[in-house]
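Peer 1: Attaching a single structure in structure tokens format; questions to follow.
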Amino acid sequence: MNKTKYIVFEDSGGLESLVQFEIVLKHSDLSLQFGTAISAGFITDGQCHGHSESLKLTARPVEDTLLLARLKEGL
């Protein structure tokens, strides 16, 4: 089982981007570097789930998993 963390950010134009990172980092360690965080959680076997305690944000399983799939496709 491959488990990582992620945050979805929204830029000023409303574009959402997913940033995936290693489990040893806190969500809050990366949150100020990319913009406004709108969801966060974990990725296990290609599925987004859970929540971030440090950011107090939850995952959006369907929307975030679609963003992850687009990221992996290079779109």
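The values are calculated or read from the model by the stated rules, or taken from the named source; none is laboratory data. Source: prediction; values computed, not measured. Note: ideal-geometry Cβ built from the backbone for every residue, glycine included; neighbour counts use all protein chains shown.
Peer 1: Give the number of residues within the range 39-52 that are surrounded by fewer than 16 Cβ atoms within 10 Å (Cβ to Cβ) and either without any contact (Cβ under 8 Å) to a residue 12 or more places away in the chain or within 9 Å of the chain's Cα centre (by Cα) (or both).
Peer 2: Total satisfying the criteria: 1.
Peer 1: Continuing with the same structure: Looking only at the range 1-34, which residues are crowded, with 17+ Cβ neighbours inside 10 Å and outside any strand (DSSP E or B)?
Peer 2: If the condition is that a residue be crowded, with 17+ Cβ neighbours inside 10 Å and outside any strand (DSSP E or B), then HIS27, LEU30, SER31 are the ones that fit.
Peer 1: Same structure, new question: Inside the range 9-23, can you point out the residues that are of a type outside the set (D, E, K, R) and under 16 Å from THR44 (Cβ atoms)?
Peer 2: Selection gives LEU18, GLN20, PHE21, ILE23.
Peer 1: Shifting gears a bit: If you scan the range 17-75, which residues turn out to be over 20 Å from ASN2 (Cα atoms), touching a Leu at 6+ places or on another chain (Cβ under 8 Å) and β-branched (Val, Ile, Thr)?
Peer 2: ILE38
Peer 1: Sticking with this structure for a sec: Please go through the range 1-38 and give me each residue that is at pLDDT below 90 and within 11 Å of the chain's Cα centre (by Cα), ordered by number.
Peer 2: Residues satisfying the conditions are LEU30, SER31.
Peer 1: May I pose another question? What are the residue pairs meeting all of these: first residue in the range 2-19, first residue farther than 10 Å from ALA37 by Cα, second residue buried (at least 17 other Cβ atoms within 10 Å of the Cβ) and acidic (Asp, Glu), Cβ atoms under 8 Å, and 6 or more apart or on different chains?
Peer 2: TYR6/ASP64
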